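Everything below concerns the one structure shown next.
The values are calculated or read from the model by the stated rules, or taken from the named source; none is laboratory data. Remember, predicted model here, so these are calculated numbers, not experimental data. Here Cβ is always computed from backbone atoms with ideal geometry, including for glycine, and neighbour counts include all displayed protein chains. The accessibility values were calculated without ligands, DNA or RNA, using every heavy atom of the protein model including side chains. Shrake-Rupley method; radii C 1.70, N 1.55, O 1.52, S 1.80 Å.
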Amino acid sequence: MRNPTGVLLGRMMRTILRSPDTIITVAITPIMMMLLFVYVFGGAIQTGTGPYINYLLPGILLIAIASGIAYTSLRLFTDVKSGLMARFMTMPIKRSSVLWAHVLTSLVSNALTVLVVILVALVMGFRSHADLLHWLAAAGILGVFTMALAWLAVITGLTARSMEGATAYSYPLIFLPFISSAFVPTETMPQIVRAFAEHQPVTSIVNSIRALLYEGTVGSEIWTALAWCIGIMIVSYFVARRAFKHQLG
Amino acid sequence: MGHTAISVRGLTKSFKDKEVLKGVDFEVGRGEIFALLGSNGAGKTTTVNILSTLVKPDGGEAEICGFDVQRQPEQVRRSISLTGQFAAIDGMLTGRENLIMIAKLRGVPHPVQTAGSLLDRFSLKEAANRRADKYSGGMKRRLDIAMSLIGTPAVIFLDEPTTGLDPEARIEVWNTVKELAGGGTAIVLTTQYLEEAEQLADRIGILHGGTLIKTGTLSELKKMFPPAKVEYIEKQPTLEDIFLEIIGNKEEK
(Lines give C-alpha, C1' and ligand atoms only; values in the text may rest on other atoms or scores of the structure.)
Protein backbone atom coordinates (compact mmCIF):
# COMPACT_ATOMS: atom_id res chain seq x y z
CA MET A 1 0.00 0.00 0.00
CA ARG A 2 1.28 3.44 -0.96
CA ASN A 3 1.95 6.07 1.64
CA PRO A 4 -1.12 8.36 1.64
CA THR A 5 0.88 11.42 2.72
CA GLY A 6 3.07 10.96 -0.37
CA VAL A 7 0.07 10.54 -2.69
CA LEU A 8 -1.60 13.67 -1.28
CA LEU A 9 1.64 15.65 -1.37
CA GLY A 10 2.00 14.69 -5.04
CA ARG A 11 -1.53 15.86 -5.70
CA MET A 12 -0.92 19.28 -4.17
CA MET A 13 2.47 19.81 -5.77
CA ARG A 14 0.86 19.12 -9.13
CA THR A 15 -1.76 21.76 -8.32
CA ILE A 16 0.92 24.29 -7.41
CA LEU A 17 3.04 23.61 -10.49
CA ARG A 18 -0.11 24.04 -12.59
CA SER A 19 -0.66 27.51 -11.15
CA PRO A 20 2.90 28.80 -10.73
CA ASP A 21 1.38 32.25 -10.23
CA THR A 22 0.85 31.31 -6.57
CA ILE A 23 4.61 31.08 -6.09
CA ILE A 24 5.23 34.25 -8.12
CA THR A 25 2.48 36.18 -6.30
CA VAL A 26 3.91 35.18 -2.97
CA ALA A 27 7.44 36.15 -4.05
CA ILE A 28 6.49 39.51 -5.54
CA THR A 29 5.65 41.45 -2.35
CA PRO A 30 8.89 40.57 -0.57
CA ILE A 31 10.87 41.30 -3.75
CA MET A 32 9.21 44.73 -4.06
CA MET A 33 9.96 45.38 -0.41
CA MET A 34 13.55 44.37 -0.97
CA LEU A 35 13.85 46.78 -3.93
CA LEU A 36 12.23 49.56 -1.93
CA PHE A 37 14.42 49.12 1.11
CA VAL A 38 17.66 48.64 -0.78
CA TYR A 39 17.28 51.36 -3.44
CA VAL A 40 15.06 53.93 -1.67
CA PHE A 41 15.44 53.76 2.11
CA GLY A 42 18.63 51.74 2.25
CA GLY A 43 21.00 54.62 1.58
CA ALA A 44 19.82 56.37 4.73
CA ILE A 45 19.83 53.30 6.95
CA GLN A 46 22.98 52.78 8.99
CA THR A 47 23.49 49.14 9.91
CA GLY A 48 27.20 49.45 10.30
CA THR A 49 28.09 46.28 8.42
CA GLY A 50 28.53 45.49 4.72
CA PRO A 51 25.98 46.10 1.97
CA TYR A 52 22.42 46.70 3.18
CA ILE A 53 20.98 43.88 1.02
CA ASN A 54 22.99 41.38 3.06
CA TYR A 55 21.55 42.84 6.24
CA LEU A 56 18.01 42.87 4.84
CA LEU A 57 17.73 39.47 3.16
CA PRO A 58 17.01 37.21 6.18
CA GLY A 59 14.05 39.38 7.24
CA ILE A 60 12.73 39.48 3.68
CA LEU A 61 12.83 35.66 3.55
CA LEU A 62 10.74 35.48 6.71
CA ILE A 63 8.20 37.87 5.18
CA ALA A 64 8.09 35.69 2.06
CA ILE A 65 7.39 32.59 4.16
CA ALA A 66 4.77 34.35 6.28
CA SER A 67 2.86 35.44 3.19
CA GLY A 68 3.23 32.02 1.53
CA ILE A 69 1.72 30.40 4.60
CA ALA A 70 -1.64 32.08 3.83
CA TYR A 71 -1.96 29.69 0.89
CA THR A 72 -1.64 26.71 3.23
CA SER A 73 -4.73 27.88 5.11
CA LEU A 74 -6.48 28.59 1.86
CA ARG A 75 -5.75 25.16 0.37
CA LEU A 76 -6.95 23.39 3.50
CA PHE A 77 -10.05 25.58 3.70
CA THR A 78 -10.84 24.77 0.06
CA ASP A 79 -10.49 21.03 0.75
CA VAL A 80 -12.90 21.26 3.66
CA LYS A 81 -15.43 23.30 1.69
CA SER A 82 -15.26 21.21 -1.48
CA GLY A 83 -16.00 18.00 0.40
CA LEU A 84 -12.64 16.45 -0.51
CA MET A 85 -11.73 16.46 3.17
CA ALA A 86 -14.88 14.44 3.98
CA ARG A 87 -14.00 12.04 1.19
CA PHE A 88 -10.48 11.50 2.57
CA MET A 89 -11.84 11.16 6.11
CA THR A 90 -14.18 8.36 5.08
CA MET A 91 -11.41 6.43 3.31
CA PRO A 92 -9.26 3.77 4.97
CA ILE A 93 -6.20 6.02 5.29
CA LYS A 94 -4.48 7.47 8.32
CA ARG A 95 -6.38 10.67 9.02
CA SER A 96 -3.37 12.70 10.12
CA SER A 97 -1.72 12.02 6.76
CA VAL A 98 -4.10 14.56 5.21
CA LEU A 99 -2.79 17.31 7.52
CA TRP A 100 0.83 16.25 7.09
CA ALA A 101 0.43 16.44 3.32
CA HIS A 102 -0.69 20.06 3.65
CA VAL A 103 2.21 20.93 5.97
CA LEU A 104 4.79 19.29 3.70
CA THR A 105 3.28 21.03 0.67
CA SER A 106 3.75 24.28 2.53
CA LEU A 107 7.38 23.39 3.19
CA VAL A 108 8.13 22.61 -0.46
CA SER A 109 6.27 25.56 -1.98
CA ASN A 110 7.81 28.02 0.48
CA ALA A 111 11.25 26.63 -0.27
CA LEU A 112 10.61 27.42 -3.94
CA THR A 113 9.52 30.97 -3.08
CA VAL A 114 12.58 31.49 -0.89
CA LEU A 115 14.77 30.28 -3.74
CA VAL A 116 13.21 32.81 -6.14
CA VAL A 117 13.75 35.64 -3.65
CA ILE A 118 17.38 34.61 -3.08
CA LEU A 119 18.02 34.58 -6.84
CA VAL A 120 16.69 38.14 -7.13
CA ALA A 121 18.80 39.16 -4.13
CA LEU A 122 21.89 37.72 -5.83
CA VAL A 123 21.20 39.93 -8.84
CA MET A 124 20.87 42.90 -6.48
CA GLY A 125 24.30 42.26 -5.01
CA PHE A 126 23.66 39.86 -2.12
CA ARG A 127 26.79 37.83 -1.33
CA SER A 128 27.65 35.32 1.35
CA HIS A 129 30.85 33.43 2.01
CA ALA A 130 29.19 30.84 4.19
CA ASP A 131 30.14 27.22 3.61
CA LEU A 132 27.65 24.46 2.79
CA LEU A 133 27.18 23.46 6.42
CA HIS A 134 26.21 26.99 7.46
CA TRP A 135 23.89 27.30 4.50
CA LEU A 136 22.23 24.03 5.48
CA ALA A 137 21.86 25.26 9.05
CA ALA A 138 20.23 28.48 7.78
CA ALA A 139 17.91 26.43 5.56
CA GLY A 140 17.10 24.27 8.59
CA ILE A 141 16.03 27.28 10.66
CA LEU A 142 13.86 28.56 7.81
CA GLY A 143 12.39 25.06 7.47
CA VAL A 144 11.48 24.82 11.14
CA PHE A 145 10.03 28.35 10.97
CA THR A 146 7.91 27.31 7.96
CA MET A 147 6.67 24.16 9.72
CA ALA A 148 5.72 26.16 12.81
CA LEU A 149 3.69 28.63 10.76
CA ALA A 150 2.24 25.83 8.61
CA TRP A 151 0.75 24.08 11.66
CA LEU A 152 -0.62 27.44 12.72
CA ALA A 153 -2.13 27.71 9.24
CA VAL A 154 -3.76 24.30 9.65
CA ILE A 155 -5.69 25.64 12.65
CA THR A 156 -7.08 28.61 10.73
CA GLY A 157 -7.70 26.56 7.58
CA LEU A 158 -9.79 24.07 9.56
CA THR A 159 -11.72 26.56 11.66
CA ALA A 160 -12.21 29.51 9.29
CA ARG A 161 -15.73 30.24 8.14
CA SER A 162 -14.75 32.25 5.08
CA MET A 163 -11.90 32.43 2.62
CA GLU A 164 -10.91 35.87 3.97
CA GLY A 165 -10.85 34.48 7.49
CA ALA A 166 -8.59 31.65 6.40
CA THR A 167 -5.93 34.03 5.09
CA ALA A 168 -6.34 37.11 7.32
CA TYR A 169 -4.18 35.75 10.13
CA SER A 170 -1.03 35.96 8.03
CA TYR A 171 -1.11 39.80 8.02
CA PRO A 172 0.18 40.24 11.57
CA LEU A 173 2.83 37.62 10.80
CA ILE A 174 3.97 39.61 7.79
CA PHE A 175 4.06 42.74 9.95
CA LEU A 176 6.12 41.20 12.76
CA PRO A 177 9.51 41.57 10.99
CA PHE A 178 9.05 45.37 10.88
CA ILE A 179 9.30 45.56 14.66
CA SER A 180 12.44 43.47 14.84
CA SER A 181 16.07 43.62 13.81
CA ALA A 182 15.07 42.64 10.25
CA PHE A 183 15.26 46.14 8.70
CA VAL A 184 17.20 48.26 11.18
CA PRO A 185 19.26 47.51 14.31
CA THR A 186 17.10 47.50 17.41
CA GLU A 187 19.48 49.85 19.28
CA THR A 188 17.90 52.96 17.72
CA MET A 189 14.36 52.08 18.82
CA PRO A 190 12.63 53.66 21.86
CA GLN A 191 12.85 51.54 25.00
CA ILE A 192 9.41 49.87 24.86
CA VAL A 193 9.54 49.10 21.15
CA ARG A 194 13.07 47.83 21.53
CA ALA A 195 12.07 45.56 24.39
CA PHE A 196 9.33 44.06 22.23
CA ALA A 197 11.57 43.78 19.17
CA GLU A 198 14.31 41.99 21.06
CA HIS A 199 11.97 39.50 22.67
CA GLN A 200 9.90 38.38 19.74
CA PRO A 201 10.87 35.39 17.58
CA VAL A 202 11.77 37.26 14.37
CA THR A 203 14.81 39.04 15.86
CA SER A 204 16.48 35.90 17.12
CA ILE A 205 15.77 34.06 13.85
CA VAL A 206 17.07 36.93 11.71
CA ASN A 207 20.18 37.36 13.88
CA SER A 208 20.92 33.62 13.73
CA ILE A 209 20.65 33.52 9.95
CA ARG A 210 22.93 36.56 9.70
CA ALA A 211 25.49 34.89 11.93
CA LEU A 212 25.40 31.74 9.79
CA LEU A 213 25.57 33.51 6.42
CA TYR A 214 28.02 36.33 7.12
CA GLU A 215 30.02 35.52 10.23
CA GLY A 216 30.51 31.82 9.75
CA THR A 217 29.30 31.10 13.30
CA VAL A 218 26.10 29.69 14.68
CA GLY A 219 25.75 32.88 16.75
CA SER A 220 24.46 33.22 20.27
CA GLU A 221 20.77 33.39 19.49
CA ILE A 222 20.25 30.18 17.56
CA TRP A 223 18.86 28.33 20.60
CA THR A 224 16.39 31.12 21.28
CA ALA A 225 15.38 31.03 17.62
CA LEU A 226 14.93 27.25 17.61
CA ALA A 227 13.08 27.33 20.92
CA TRP A 228 10.62 29.84 19.50
CA CYS A 229 10.04 27.89 16.29
CA ILE A 230 9.78 24.48 17.90
CA GLY A 231 7.62 25.87 20.70
CA ILE A 232 5.18 27.46 18.25
CA MET A 233 5.22 24.29 16.16
CA ILE A 234 4.42 21.95 19.06
CA VAL A 235 1.64 24.14 20.45
CA SER A 236 0.07 24.68 17.00
CA TYR A 237 0.39 20.97 16.20
CA PHE A 238 -1.64 19.96 19.24
CA VAL A 239 -4.20 22.73 18.80
CA ALA A 240 -4.53 21.75 15.12
CA ARG A 241 -5.06 18.08 16.04
CA ARG A 242 -7.72 19.12 18.53
CA ALA A 243 -9.48 21.34 16.01
CA PHE A 244 -9.36 18.46 13.56
CA LYS A 245 -10.91 15.99 16.03
CA HIS A 246 -13.48 18.53 17.12
CA GLN A 247 -14.51 19.16 13.55
CA LEU A 248 -15.19 15.48 13.09
CA GLY A 249 -17.89 15.83 15.76
CA MET B 1 -33.20 -9.98 1.64
CA GLY B 2 -29.98 -11.99 1.93
CA HIS B 3 -27.17 -10.29 3.81
CA THR B 4 -27.67 -7.11 5.74
CA ALA B 5 -25.33 -4.34 4.63
CA ILE B 6 -26.43 -1.67 7.07
CA SER B 7 -28.24 -1.99 10.35
CA VAL B 8 -29.16 1.03 12.45
CA ARG B 9 -30.85 0.85 15.86
CA GLY B 10 -31.99 3.73 18.03
CA LEU B 11 -29.60 6.30 16.58
CA THR B 12 -29.66 9.65 18.40
CA LYS B 13 -27.69 12.84 17.87
CA SER B 14 -27.95 16.39 19.14
CA PHE B 15 -26.04 19.47 18.10
CA LYS B 16 -25.80 21.86 21.04
CA ASP B 17 -29.40 21.84 22.32
CA LYS B 18 -30.97 20.85 19.03
CA GLU B 19 -32.06 17.23 18.88
CA VAL B 20 -31.54 16.19 15.27
CA LEU B 21 -32.04 12.42 15.51
CA LYS B 22 -34.36 11.00 18.16
CA GLY B 23 -33.98 7.28 17.60
CA VAL B 24 -33.64 6.14 14.00
CA ASP B 25 -33.90 2.45 13.02
CA PHE B 26 -33.53 0.86 9.62
CA GLU B 27 -31.81 -1.91 7.71
CA VAL B 28 -30.48 -2.02 4.18
CA GLY B 29 -29.68 -5.26 2.33
CA ARG B 30 -26.93 -5.81 -0.23
CA GLY B 31 -27.81 -4.57 -3.69
CA GLU B 32 -30.65 -2.55 -2.29
CA ILE B 33 -31.28 1.16 -2.86
CA PHE B 34 -32.66 2.75 0.26
CA ALA B 35 -33.86 6.34 0.01
CA LEU B 36 -33.96 8.61 3.03
CA LEU B 37 -36.60 11.11 2.16
CA GLY B 38 -37.07 14.27 4.15
CA SER B 39 -37.19 18.02 4.05
CA ASN B 40 -34.18 20.23 4.76
CA GLY B 41 -32.95 19.83 8.32
CA ALA B 42 -34.74 16.51 8.82
CA GLY B 43 -31.44 14.81 9.73
CA LYS B 44 -30.64 13.05 6.46
CA THR B 45 -27.08 14.32 6.21
CA THR B 46 -26.47 13.73 9.92
CA THR B 47 -27.54 10.10 9.50
CA VAL B 48 -25.23 9.66 6.52
CA ASN B 49 -22.35 11.38 8.33
CA ILE B 50 -22.73 9.05 11.33
CA LEU B 51 -22.82 5.96 9.12
CA SER B 52 -19.75 7.12 7.20
CA THR B 53 -17.73 7.72 10.43
CA LEU B 54 -17.58 11.51 10.02
CA VAL B 55 -19.77 12.24 13.04
CA LYS B 56 -20.10 10.31 16.30
CA PRO B 57 -23.61 9.43 17.43
CA ASP B 58 -24.81 10.26 20.95
CA GLY B 59 -26.63 6.96 21.29
CA GLY B 60 -27.76 3.86 19.46
CA GLU B 61 -25.93 1.34 17.32
CA ALA B 62 -24.95 1.37 13.69
CA GLU B 63 -23.23 -1.43 11.83
CA ILE B 64 -21.91 -1.51 8.28
CA CYS B 65 -21.26 -5.03 6.96
CA GLY B 66 -21.18 -6.21 10.57
CA PHE B 67 -18.65 -3.58 11.72
CA ASP B 68 -19.59 -1.07 14.38
CA VAL B 69 -19.17 2.52 13.17
CA GLN B 70 -17.82 3.70 16.52
CA ARG B 71 -15.68 0.76 17.60
CA GLN B 72 -14.38 -0.39 14.20
CA PRO B 73 -14.24 2.78 12.08
CA GLU B 74 -11.22 1.51 10.15
CA GLN B 75 -13.07 -1.59 8.87
CA VAL B 76 -16.17 0.50 8.19
CA ARG B 77 -14.13 2.89 6.03
CA ARG B 78 -12.87 -0.06 4.04
CA SER B 79 -16.49 -1.01 3.28
CA ILE B 80 -17.94 2.37 2.32
CA SER B 81 -17.70 5.37 0.06
CA LEU B 82 -19.25 8.75 0.64
CA THR B 83 -20.51 10.97 -2.13
CA GLY B 84 -21.40 14.16 -0.34
CA GLN B 85 -23.63 17.07 -1.26
CA PHE B 86 -20.98 18.73 -3.39
CA ALA B 87 -18.91 16.94 -6.01
CA ALA B 88 -15.78 16.22 -3.98
CA ILE B 89 -13.23 16.46 -6.75
CA ASP B 90 -9.97 18.37 -7.14
CA GLY B 91 -10.71 20.89 -9.87
CA MET B 92 -7.03 21.52 -10.59
CA LEU B 93 -6.49 17.88 -11.53
CA THR B 94 -7.84 16.16 -14.62
CA GLY B 95 -10.58 13.57 -14.34
CA ARG B 96 -8.05 10.82 -14.83
CA GLU B 97 -5.71 12.21 -12.17
CA ASN B 98 -8.56 12.47 -9.68
CA LEU B 99 -9.37 8.79 -10.20
CA ILE B 100 -5.73 7.68 -10.02
CA MET B 101 -5.25 9.63 -6.79
CA ILE B 102 -8.18 7.88 -5.10
CA ALA B 103 -7.07 4.50 -6.48
CA LYS B 104 -3.61 5.00 -4.96
CA LEU B 105 -5.07 6.11 -1.64
CA ARG B 106 -7.30 3.04 -1.58
CA GLY B 107 -4.32 0.84 -2.39
CA VAL B 108 -5.91 -0.63 -5.51
CA PRO B 109 -3.39 -2.89 -7.36
CA HIS B 110 -3.47 -1.15 -10.77
CA PRO B 111 -4.48 2.52 -10.30
CA VAL B 112 -3.97 3.57 -13.92
CA GLN B 113 -6.03 0.72 -15.38
CA THR B 114 -8.73 1.20 -12.73
CA ALA B 115 -8.99 4.87 -13.68
CA GLY B 116 -9.11 4.03 -17.37
CA SER B 117 -11.97 1.58 -17.08
CA LEU B 118 -14.01 3.94 -14.88
CA LEU B 119 -13.54 6.77 -17.39
CA ASP B 120 -14.94 4.44 -20.06
CA ARG B 121 -17.82 3.33 -17.92
CA PHE B 122 -18.88 6.87 -16.99
CA SER B 123 -18.46 8.28 -20.52
CA LEU B 124 -15.68 10.59 -19.39
CA LYS B 125 -13.02 9.26 -21.74
CA GLU B 126 -12.95 12.30 -24.01
CA ALA B 127 -12.76 14.66 -21.05
CA ALA B 128 -10.27 12.46 -19.18
CA ASN B 129 -7.30 14.77 -19.66
CA ARG B 130 -9.12 18.02 -19.08
CA ARG B 131 -9.11 19.77 -15.73
CA ALA B 132 -12.15 18.75 -13.69
CA ASP B 133 -13.17 22.33 -12.90
CA LYS B 134 -13.95 22.74 -16.61
CA TYR B 135 -16.52 19.92 -16.47
CA SER B 136 -20.29 20.48 -16.56
CA GLY B 137 -22.29 19.84 -13.39
CA GLY B 138 -23.39 16.42 -14.58
CA MET B 139 -19.86 15.39 -15.56
CA LYS B 140 -18.50 16.53 -12.19
CA ARG B 141 -21.11 14.40 -10.45
CA ARG B 142 -20.31 11.40 -12.63
CA LEU B 143 -16.61 11.77 -11.86
CA ASP B 144 -17.49 12.14 -8.18
CA ILE B 145 -19.51 8.89 -8.24
CA ALA B 146 -16.79 7.14 -10.25
CA MET B 147 -14.28 8.13 -7.56
CA SER B 148 -16.59 6.58 -4.96
CA LEU B 149 -16.60 3.24 -6.76
CA ILE B 150 -12.86 2.69 -6.58
CA GLY B 151 -12.01 -0.26 -4.36
CA THR B 152 -15.55 -1.63 -4.91
CA PRO B 153 -17.00 -0.66 -1.53
CA ALA B 154 -19.98 -2.72 -0.37
CA VAL B 155 -21.95 0.37 0.64
CA ILE B 156 -22.19 3.74 -1.06
CA PHE B 157 -23.76 6.82 0.49
CA LEU B 158 -25.15 9.36 -1.91
CA ASP B 159 -26.12 12.55 -0.11
CA GLU B 160 -28.49 14.53 -2.32
CA PRO B 161 -26.67 13.46 -5.47
CA THR B 162 -28.83 15.46 -7.87
CA THR B 163 -29.33 18.71 -5.96
CA GLY B 164 -28.33 21.57 -8.25
CA LEU B 165 -28.21 19.46 -11.41
CA ASP B 166 -30.23 20.15 -14.53
CA PRO B 167 -32.87 17.57 -15.57
CA GLU B 168 -30.61 15.86 -18.10
CA ALA B 169 -27.75 15.47 -15.67
CA ARG B 170 -30.18 14.20 -13.06
CA ILE B 171 -31.29 11.40 -15.35
CA GLU B 172 -27.65 10.53 -16.06
CA VAL B 173 -27.04 10.17 -12.33
CA TRP B 174 -30.19 8.09 -11.91
CA ASN B 175 -29.04 5.65 -14.56
CA THR B 176 -25.66 5.36 -12.88
CA VAL B 177 -27.24 4.63 -9.51
CA LYS B 178 -29.53 1.93 -10.93
CA GLU B 179 -26.56 0.27 -12.58
CA LEU B 180 -24.60 0.27 -9.34
CA ALA B 181 -27.28 -1.41 -7.31
CA GLY B 182 -27.56 -3.98 -10.08
CA GLY B 183 -23.96 -4.93 -9.30
CA GLY B 184 -24.74 -5.76 -5.67
CA THR B 185 -23.74 -2.51 -3.99
CA ALA B 186 -25.99 -1.30 -1.20
CA ILE B 187 -26.89 2.32 -1.72
CA VAL B 188 -28.21 4.82 0.76
CA LEU B 189 -29.55 7.83 -1.02
CA THR B 190 -30.80 10.99 0.60
CA THR B 191 -33.09 13.23 -1.33
CA GLN B 192 -35.73 15.86 -0.95
CA TYR B 193 -37.21 15.06 -4.34
CA LEU B 194 -40.13 12.66 -4.11
CA GLU B 195 -39.74 11.78 -7.75
CA GLU B 196 -36.14 10.74 -7.22
CA ALA B 197 -37.07 8.33 -4.43
CA GLU B 198 -39.88 6.98 -6.59
CA GLN B 199 -37.55 6.45 -9.55
CA LEU B 200 -34.66 4.81 -7.76
CA ALA B 201 -35.46 3.37 -4.39
CA ASP B 202 -36.29 -0.24 -3.58
CA ARG B 203 -37.35 0.97 -0.18
CA ILE B 204 -38.06 4.42 1.15
CA GLY B 205 -37.72 5.77 4.67
CA ILE B 206 -39.47 9.00 5.51
CA LEU B 207 -37.41 10.97 8.01
CA HIS B 208 -39.34 13.61 9.84
CA GLY B 209 -38.80 15.35 13.17
CA GLY B 210 -35.79 13.18 13.99
CA THR B 211 -37.41 9.76 13.49
CA LEU B 212 -38.18 7.50 10.58
CA ILE B 213 -41.92 7.78 10.58
CA LYS B 214 -42.51 5.25 7.80
CA THR B 215 -40.39 2.69 5.97
CA GLY B 216 -41.38 0.48 3.09
CA THR B 217 -41.39 -0.12 -0.62
CA LEU B 218 -43.17 2.37 -2.78
CA SER B 219 -46.14 0.02 -3.20
CA GLU B 220 -46.29 -0.65 0.54
CA LEU B 221 -46.31 3.06 1.22
CA LYS B 222 -48.97 3.53 -1.42
CA LYS B 223 -51.14 0.86 0.25
CA MET B 224 -50.82 2.50 3.64
CA PHE B 225 -52.05 5.80 2.44
CA PRO B 226 -55.25 7.10 0.84
CA PRO B 227 -56.63 4.36 -1.40
CA ALA B 228 -56.22 4.86 -5.11
CA LYS B 229 -58.95 6.91 -6.70
CA VAL B 230 -59.99 6.45 -10.28
CA GLU B 231 -60.15 9.78 -12.04
CA TYR B 232 -60.27 10.67 -15.67
CA ILE B 233 -57.86 13.46 -16.42
CA GLU B 234 -56.18 14.71 -19.54
CA LYS B 235 -52.48 13.76 -19.34
CA GLN B 236 -50.62 17.04 -19.75
CA PRO B 237 -46.88 16.82 -20.34
CA THR B 238 -44.90 18.06 -17.37
CA LEU B 239 -42.50 20.91 -17.87
CA GLU B 240 -39.72 18.34 -17.56
CA ASP B 241 -41.19 16.27 -20.41
CA ILE B 242 -41.36 19.41 -22.53
CA PHE B 243 -37.86 20.49 -21.69
CA LEU B 244 -36.36 17.10 -22.46
CA GLU B 245 -38.35 16.83 -25.67
CA ILE B 246 -37.18 20.22 -26.94
CA ILE B 247 -33.52 19.64 -26.34
CA GLY B 248 -33.84 16.13 -27.70
CA ASN B 249 -31.13 13.65 -27.15
CA LYS B 250 -28.38 16.21 -26.84
CA GLU B 251 -25.25 14.36 -25.82
CA GLU B 252 -22.45 15.89 -23.85
CA LYS B 253 -19.36 16.30 -25.92
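One table, with the values for the structure above:
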{"read-out": "Shape call, chain B: gyration tensor on alpha carbons, a/c limit 1.5", "value": "oblate"}
{"read-out": "Sequence-separation-based contact order of chain B, relative, with Cα cut under 8 Å and 6+ spacing, percent", "value": "26"}
{"read-out": "Cα gyration tensor, segment A:105-247 - rounded (a/c under 1.5), prolate or oblate", "value": "prolate"}
{"read-out": "Probe 1.4 Å - accessible area at B:Glu63, Å² to nearest ten", "value": "60"}
{"read-out": "Amide hydrogen neighbours beyond the local backbone of B:Leu212, cut-off 5 Å, H modeled", "value": "B:Asp25"}
{"read-out": "Solvent-accessible area buried by B and A, counting both chains, probe 1.4 angstrom, square angstrom", "value": "2500"}
{"read-out": "Fraction of accessible area attributable to carbon and sulfur, segment A:118-244 (%, probe 1.4 Å)", "value": "72"}
{"read-out": "On Cα atoms only, tilt of A:52-82 relative to the major axis of chain A in degrees", "value": "10"}
{"read-out": "Solvent-accessible area of A:Val184 with every protein chain in place, 1.4 Å probe, in Å² to the nearest 10", "value": "50"}
{"read-out": "Charge sum, other residues only, whose C-beta stays under 12 Å from B:Glu220's C-beta, Lys/Arg counted +1 and Asp/Glu -1", "value": "+3"}
{"read-out": "Tensor-based shape of segment B:138-253 (alpha-carbon gyration tensor, a/c under 1.5 rounded, otherwise prolate or oblate)", "value": "oblate"}
{"read-out": "DSSP bridge pairs, segment B:133-253: antiparallel proportion in percent, nearest 5", "value": "50"}
{"read-out": "Å³ per residue enclosed by the Cα convex hull of segment A:16-157", "value": "127"}
{"read-out": "Helix-only CD estimate at 222 nm, as mean residue ellipticity for chain B, using -39500 (n - 2.57) per DSSP H run (n ≥ 4)", "value": "-10500 deg cm²/dmol"}
{"read-out": "Chain-alone versus full-assembly comparison, segment B:90-114, residues with accessible loss of at least 10 Å² (1.4 Å probe)", "value": "B:Asp90, B:Met92, B:Leu93, B:Glu97, B:Met101, B:Ile102, B:Lys104, B:Leu105, B:Arg106, B:Gly107, B:Pro111"}
{"read-out": "C-alpha long axis of helix A:96-123 to longest principal axis of chain A, angle in °", "value": "30"}
{"read-out": "Span from the segment B:1-70 Cα centroid across to the segment A:158-180 one, whole angstrom", "value": "39"}
{"read-out": "Taking chain A and dividing mean pair separation by its residue count, relative contact order in percent (alpha carbons under 8 Å, at least six apart)", "value": "26"}
{"read-out": "Alpha-carbon gyration tensor eigenvalues x 5, square-rooted, for segment B:42-104, Å", "value": "27, 15, 7"}
{"read-out": "Local electrostatic count at A:Asp79 - Lys and Arg +1, Asp and Glu -1, tallied over other residues with Cβ under 12 Å", "value": "+3"}
{"read-out": "Estimated 222 nm signal from helices in chain A, with DSSP H stretches of n ≥ 4 weighted -39500 (n - 2.57), rounded to 500", "value": "-24000 deg cm²/dmol"}
{"read-out": "Distance from segment A:55-96 to segment B:189-228 (C-alpha centre basis), Å", "value": "43"}
{"read-out": "Calculated over segment B:56-149: convex hull of Cα atoms, volume per residue (Å³)", "value": "110"}
{"read-out": "Heavy-atom surface of chain A, accessible at 1.4 Å and reported per residue (Å²)", "value": "45"}
{"read-out": "C-alpha long axis of helix A:222-247 to longest principal axis of chain A, angle in °", "value": "20"}
{"read-out": "Computed over segment B:154-233: relative contact order in percent, which uses C-alpha pairs under 8 Å that are six or more apart", "value": "25"}
{"read-out": "Unsatisfied cross-links (Cα-Cα over 24 Å) in the set B:Lys22/B:Lys223; B:Lys56/B:Lys222; B:Lys16/B:Lys56; B:Lys22/B:Lys56; B:Lys18/B:Lys223", "value": "B:Lys22/B:Lys223; B:Lys56/B:Lys222; B:Lys18/B:Lys223"}
{"read-out": "Projected-area average for the protein assembly as shown over all orientations - Cα convex hull basis, square nanometres", "value": "29.8"}
